[in-house]
Amino acid sequence: MLTREVEFGDGTAGMVSLNTPVLRHPANPILTAHRVNEVWREPHLQVTTVHNAGAAVLADRTVLLFRSHLRCGISVLGLATSEDGVSGWAVRPRPVLSPATKGDLYADGLDWRDIAEVESGGVEDARINPVGDTFAVTYSAYHAGIRNRVRVSLALTDDFTAFTRHGPILDRDMRNVVLFPERIGGRYAGLFRPNDVAPGDTGGTYTQIRIGYAEDYRTGPWEIADEPIMRTGAGPSAFSDKIGPGAPPVRTRHGWLNVFHGVRTTMDGNPYVLGVALHDLDDPRRVRMSSIPVLFPSRDDCRVGGTDYVHVPNVVFSCGLVRRADGTIVVYYAGNDTVMNVAVSHEDVLAELCDRYGQDPLTGRLLYDL
């Protein structure tokens with residue numbers, strides 16, 4: 001059986017295989033509300049969660065752009081950095097992205113009042129997309145006055161100190177958008193998960209991932225394909241009820257590695273799992289995906305105190321990963337939408353799952369015999 005030795009960055013190491021494709025760090029969680037509240041001491045900035053963080057590496061430090069629920073219920077984005085990507089997280093003294101105000105930075109031609117209205121209900125689930133020599137942050141912006149109105153918005157940063165808002169990338173409800181880090185066929189590409197019910201309602205079935213292209217990712221316009229490149233919604237799959245982009249794709253020798261999320265409704269809730277797919281390097285519409293999730297939620301993914309708040313049970317969710325030169329994949333993921341964890345895998349093992357135990361990305365049919 002294919003195995004690979006992997007190392008977290010702090011000296012902790014282990015083996016991953018087709019049976020255990022992802023290895024959790026034994027000291028999870030790595031970042032919690034308690035740690036953030038030690039820094040954000042003002043009562044209105046105290047938080048109940050730290051989750052769904054985008055990840056990147058800048059100047060030999062790992063950056064997490066995490067989401068936190070304030071006690072009033074609004075989500076904001078904070079920033080933490082670590083030398084080894086596992087421990088010693090330094091939390092920025094205040095949120096780095098909150099609902100927009102006049103004093104924030106905006107791209108030319110935007111009216112800050114329009115952006116402030118779009119973001120008035122909170123900002124969530126940032127993905128850090130390294131594109132060229134900058135970082136394109138895609139995040140969900142909620143309207144405070146229109147129930148379930150959400151727009152994926154864009155902010156650019158070179159150093160995670162200053163963020164320039166570019167506003168919604170599409171004028172339609174959507175929550176999950178990740179960008180490929182380079183032009184493909186002369187254009188920028190992204191993965192989109194549309195809301196597939198009436199406008200203004202985020203209660204859709206979320207069963208499709210579509211690909212989109214733009215000449216300029218900053219200004220668009222994005223042309224979203226009419227047909228999905230990944231689809232679910234039937235059968236016994238672990239992704240049978242929902243599917244959507246998770247972390248931004250990274251280039252590997254096997255293809256563009258895509259760690260996505262999937263949901264299967266059960267009699268006792270809606271467990272979220274992490275899945276893996278590979279997109280062709282030259283034509284990312286061509287997809288191989290594993291039928292076997294790489295991470296299922298467990299009790300070890302949300303270790304909290306007896307009086308701590310737990311937001312959503314049975315959830316693992318990733319908005320960011322880091323690929324190392326040796327093929328190690330460091331996955332930053334949230335447990336129960338409550339705490340941040342870290343796990344490691346290897347691209348060779350993930351690719352083997354897609355090749356040996358695949359499913360048709362459009363029908364869900366297994367591509368191997370049981």
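We did not get these values from a lab; they are worked out from the coordinates using the rules stated. Predicted model only: the values in this text are computed from it and were never measured. Backbone-built Cβ (ideal geometry, glycine too); neighbour counts: all protein chains shown.
Please specify each residue of region 141-160 satisfying the condition of being assigned to a loop (DSSP other than H, G, I, E, B) and either touching a residue at least 40 places away in the same chain (Cβ under 8 Å) or under 22 Å from residue 51 (Cβ atoms) (or both).
Once the filter is applied, which keeps residues that are assigned to a loop (DSSP other than H, G, I, E, B) and either touching a residue at least 40 places away in the same chain (Cβ under 8 Å) or under 22 Å from residue 51 (Cβ atoms) (or both), region 141-160 yields 143, 144, 146, 147, 148, 149, 159, 160.
Name the residue, out of 57, 118, 76, 131, that is within 17 Å of the chain's Cα centre (by Cα), over 30 Å from residue 23 (Cβ atoms) and surrounded by fewer than 24 Cβ atoms within 10 Å (Cβ to Cβ).
One residue alone meets the criteria, 76.
Using the structure shown, decide if residue 313 is free of Cβ contacts under 8 Å to residues at least 60 places away in the same chain, surrounded by 15 or more Cβ atoms within 10 Å (Cβ to Cβ) and over 25 Å from residue 83 (Cβ atoms).
yes
Could you figure out which of (1) over 26 Å from residue 87 (Cβ atoms); (2) touching a residue at least 40 places away in the same chain (Cβ under 8 Å) isn't true of residue 369?
Every listed condition holds for residue 369 apart from (2).
Could you give every pair whose Cβ atoms fall below 7 Å, whose first residue belongs to region 267-291 and is within 16 Å of residue 256 (Cβ to Cβ) and touching a residue at least 12 places away in the same chain (Cβ under 8 Å), and whose second residue is of a type in the set (Val, Ile, Thr) and in a loop (DSSP other than H, G, I, E, B), counting only separations of at least 6 or pairs across chains?
275/294; 276/294; 285/229; 287/229
Given the structure, is residue 138 among the polar types (S, T, N, Q), part of a strand (DSSP E or B) and surrounded by 22 or more Cβ atoms within 10 Å (Cβ to Cβ)?
yes
When you go through (1) touching a Phe, Trp or Tyr at 6+ places or on another chain (Cβ under 9 Å); (2) closer than 22 Å to residue 175 by Cβ one by one for residue 311, which number turns out not to apply?
Failing condition for residue 311: (1).
Looking at 68, 98 in this structure, which one is under 20 Å from residue 168 (Cβ atoms), surrounded by 15 or more Cβ atoms within 10 Å (Cβ to Cβ), in contact with a Leu (Cβ under 9 Å, 6 or more places away or on another chain) and of a type in the set (Ser, Thr, Tyr)?
The match here is 98.
Name every residue in region 10-27 that is closer than 18 Å to residue 327 by Cβ, out of contact with any strand residue (DSSP E or B) (no Cβ under 7 Å at 6 or more places or on another chain) and surrounded by fewer than 16 Cβ atoms within 10 Å (Cβ to Cβ), in order of residue number.
20, the sole residue that qualifies.
Specify which of the listed residues (243, 211) is part of a strand (DSSP E or B), within 27 Å of residue 168 (Cα to Cα) and free of Cβ contacts under 8 Å to residues at least 60 places away in the same chain.
243
Among the residues of region 158-175, is any of a type in the set (Gly, Ala, Ser) and on the phi < 0 side of the Ramachandran plot?
Yes, some residue in region 158-175 is of a type in the set (Gly, Ala, Ser) and on the phi < 0 side of the Ramachandran plot.
Name every residue in region 250-271 that is in contact with a strand residue (DSSP E or B) (Cβ under 6 Å, 6 or more places away or on another chain) and more than 15 Å from residue 209 (Cβ to Cβ), in order of residue number.
Once the filter is applied, which keeps residues that are in contact with a strand residue (DSSP E or B) (Cβ under 6 Å, 6 or more places away or on another chain) and more than 15 Å from residue 209 (Cβ to Cβ), region 250-271 yields 250, 254, 255, 270.
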